[in-house]
Amino acid sequence: MRIDIATLFVEMCETVLSESIIGRARGAGRIELYCHNIRDYSDDKHRRIDDAPFGGGMGMVMQADPIYRCYCDVAQSIGKKPHVIYMSPQGKKFTQQMAVEYSKMENLFILCGHYEGVDERVIEEIVDEELSIGDYVLTGGELPALVVTDTIARMCDGVLSSDECFTDESHFNGLLEHPQYTRPANWNGKQVPEVLLGGHHANIQKWRREQSLQRTLQKRPDMLETAPLDKHDKEYLAELQAKAAKE
């Protein structure tokens, strides 16, 4: 998979994408990540890429041309139109399931806005969808773009050691993840649950599933409305709710 990020702050993006798991996967060629400086596509001698908004108002607006030239350069290099995402607080909220779908694509082009935003005409011309990581406003699209890139990249083939590294995590299967423990078995008088020490795989899996259900019910009950639940799951949740009603 290849992800191209169009930004005004290449070093900021490169620093994050060159570290840890994503950085190692990138260095090993498991995933292609490229950061493009939009200023490099400006025809202004000062590399200016913004101007005052028509109609007045505070701040500056990123111009259409430099962004469009950057996009065209990437499209030409890969030989086709990439799927274009514009990071915007007006976009639909990013979810784990969306990340799963994006990870199946060959090419993504992520546009980072800044200042008061981007000229609407280039959004209409090249953007396939607008995406937000939450209902708040940041100074630019770089942090959201990095969040999206990290979430997608870790699910690409060969980035993590096994698919289980992400399929058992919170949100992937519609539930929150079960508690995790490591050595020592007794820490400050707190003991690891006995079931995890017994080596019985079926019992461990049953415990983990029930813990996921319990945590989701306690912390994010809204997720249970769409989570795939079997008969045992529903019975266990009913038991938890009945017990809570008595307390």
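Can you give the % of DSSP beta bridges in segment 1-126 that are antiparallel, to the nearest 5? Before the final figure, lay out each step's value.
On the way: 2 of 19 bridges.
Of those bridges, close to 10 percent are antiparallel.
What trypsin sites (Lys or Arg not before Pro) does segment 52-158 have in DSSP loop regions with at most 11 other beta carbons within 10 Å? Before the final figure, lay out each step's value.
Values: sites: Arg69, Lys80, Lys92, Lys93, Lys104, Arg121, Arg154; in loops: Lys80, Lys104, Arg154.
In loop regions of segment 52-158 (DSSP not H, G, I, E or B), the sparsely surrounded trypsin sites (Lys or Arg not before Pro) are Lys80, Lys104.
What is the mean projected area of the alpha carbon convex hull for segment 14-78, to one decimal in square nanometres?
Values: hull surface 25.8 nm².
Value for segment 14-78: 6.5 nm².
Top to bottom by accessible area (1.4 Å), largest first, where do Cys35, Cys112, Cys72 land? Walk me through the numbers before you get to the answer.
Details: Cys35 25, Cys112 0, Cys72 50 Å².
So, going from the largest accessible area down, we get Cys72, Cys35, Cys112.
Give the cross-link partners of Lys234 among the lysines, using a straight C-alpha distance below 29 Å as the criterion and excluding same-chain residues fewer than 8 apart.
Cα-Cα hits under 29 Å: Lys93, Lys206, Lys219, Lys243, Lys246.
With every protein chain present, what accessible area does Val137 have (1.4 Å probe, heavy atoms only), rounded to the nearest 10 Å²?
120 Å²
If amide H atoms are built 1.01 Å from N in the plane of the peptide, which residues on other chains or at least 5 residues away come under 5 Å of the amide H of Leu33?
Those lying under 5 Å, H to H, from Leu33 are Ile3.
Can you tell me what share of the DSSP beta bridges in the chain is antiparallel? A percent to the nearest 5 is fine. Walk me through the numbers on the way to the answer.
Details: 5 of 27 bridges.
For the chain, the DSSP antiparallel bridge percentage is about 20.
Would you mind classifying segment 80-150 by shape? Square roots of the alpha carbon gyration tensor eigenvalues, ordered a ≥ b ≥ c; an a/c under 1.5 is rounded, otherwise it is prolate if a/b is larger than b/c and oblate if not.
Values: a/c = 1.87, a/b = 1.15, b/c = 1.63.
Oblate shape, in that a/c is at least 1.5 and b/c is the bigger or equal ratio.
Might you report the magnitude of the Cβ-based charge dipole of segment 1-42 about its Cα centre, with Lys and Arg at +1 and Asp and Glu at -1, to the nearest 20 debye? Mind dumping the intermediate values first?
Details: 5 positive and 6 negative charges, 36 e Å.
Computed charge dipole of segment 1-42: roughly 180 debye.
Would you kindly compute the Cα radius of gyration of the chain and its largest Cα-Cα separation (Dmax), both in Å?
Reported Rg and Dmax, both Å: 22.7, 73.
Using the heavy atoms of the protein chains alone and a 1.4 angstrom probe, what is the accessible area of the chain per residue in square angstrom?
Details: 14620 Å² over 247 residues.
Accessible surface, normalised per residue, equals 59 Å².
Which whole-Hz couplings ³J(HN,Hα) result when phi for each residue of segment 212-224 is put into the Karplus expression 6.51 cos²θ - 1.76 cosθ + 1.60, θ = phi - 60°, listed in order with x for Gly and Pro?
Once rounded to whole Hz, the list reads 4, 4, 5, 5, 5, 4, 6, 9, 9, x, 4, 5, 5.
Would you please give the FRET efficiency between His83 and Leu224, computed as 1/(1 + (r/R0)^6) with r the Cβ-Cβ distance and R0 = 25 Å, to the nearest 0.05? Each step should come with its number before you reach the end.
On the way: r = 31 Å, r/R0 = 1.25.
Between His83 and Leu224 the formula returns 0.20.
For the chain, with a Gaussian network of springs between Cα atoms less than 10 Å apart, report the residue from Gln211, Gln90, Gln191 with the top mean-square fluctuation.
Gln191
Within segment 54-86, which residues have the backbone N less than 19 Å from the label spot 7 Å out from Arg121 along Cα→beta-carbon, could you tell me?
The answer is 54-57, 60-73.
The values are calculated or read from the model by the stated rules, or taken from the named source; none is laboratory data. This one's a predicted model, so the numbers in the text were calculated from it and none came from an experiment. Cβ coordinates were reconstructed from backbone atoms using ideal geometry, including for glycine residues, and neighbour counts include every protein chain displayed. Surface accessibility is based on the protein's heavy atoms, side chains included, excluding ligands, DNA and RNA. Shrake-Rupley method; radii C 1.70, N 1.55, O 1.52, S 1.80 Å.
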